[in-house]
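Student: Dropping the structure in here first, questions after.
The values are calculated or read from the model by the stated rules, or taken from the named source; none is laboratory data. Computed from a predicted model, the values in this text were never measured in an experiment. When we count neighbours, we look across all protein chains shown, and the Cβ atoms used for this are built from the backbone with ideal geometry, even at glycine. Only protein heavy atoms, including side chains, enter the accessible area calculation; ligands, DNA and RNA are left aside. Shrake-Rupley method; radii C 1.70, N 1.55, O 1.52, S 1.80 Å.
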Amino acid sequence: MIEYSFRPATGADASRVAALVNAAYRHYVERIGMLPRPMTDDYAEVIANQRVTVAESQGTIVGVIVLTVDDEGFLIDNVAVGTSHRGEGLGRALLEFAEAEARLMGFDSIHLYTHEKMTENLAIYSRIGYVEYDRRSQGEFSLVYMRKHLG
């Protein structure tokens, strides 16, 4: 089992977080015909304005989760796992971290959204208790909004 430690991201992490996110999402570009929004974010700005937590293994950032509160509640704005750490349970650990943070802040549910063509994500989120509650058109595609009630 690989050991991970979580810590808040700092401005000094911005370029490493951006590189990790770009690598994690790159395989979707051809499928969806555009850069996924997380690949276009300015991570210095995201780290300054949202709750960004990085996962490290042996001093290297291997995962990231971006959390915020919006008008619909506690939002997972982005979760990304480095390509060399996929399939090790890190994504699930990051999502469980987000759920714990939401509970600590007094929320009874957590939500996220993903591109309708990111079918692997939809399957993973469904498997761990997220339920689709809306699809919102973005012109050529829709975003799928999912919520998990925290018990």
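Student: For segment 103-142, give me each residue that is closer than 22 Å to residue 68 by Cβ, touching a residue at least 40 places away in the same chain (Cβ under 8 Å) and open to solvent by 20 Å² or more (accessible area, probe 1.4 Å).
Tutor: Of everything in segment 103-142, those that are closer than 22 Å to residue 68 by Cβ, touching a residue at least 40 places away in the same chain (Cβ under 8 Å) and open to solvent by 20 Å² or more (accessible area, probe 1.4 Å) turn out to be 103, 107, 108.
Student: Within the bounds of segment 87-106, is there any residue that is over 23 Å from residue 61 (Cβ atoms) and not in a helix (DSSP H, G or I)?
Tutor: There is at least one residue in segment 87-106 that is over 23 Å from residue 61 (Cβ atoms) and not in a helix (DSSP H, G or I).
Student: Starting from residues that are acidic (Asp, Glu) and closer than 27 Å to residue 149 by Cα, keep the ones in segment 47-93 and report whichever is modelled with the lowest pLDDT.
Tutor: 88
Student: When segment 38-53 is examined, which residues are found to be closer than 11 Å to residue 66 by Cβ, open to solvent by 70 Å² or more (accessible area, probe 1.4 Å) and of a type in the set (D, E, K, R)?
Tutor: Residue satisfying the conditions is 51 alone.
Student: Inside segment 12-40, can you point out the residues that are among the aliphatic types (A, V, I, L, M) and either at positive phi or assigned to a loop (DSSP other than H, G, I, E, B) (or both)?
Tutor: 34, 35
Student: Take segment 130-151 and flag every residue that is out of contact with any helix residue (DSSP H, G or I) (no Cβ under 9 Å at 6 or more places or on another chain) and within 15 Å of residue 98 (Cα to Cα).
Tutor: Residues satisfying the conditions are 147, 149, 151.
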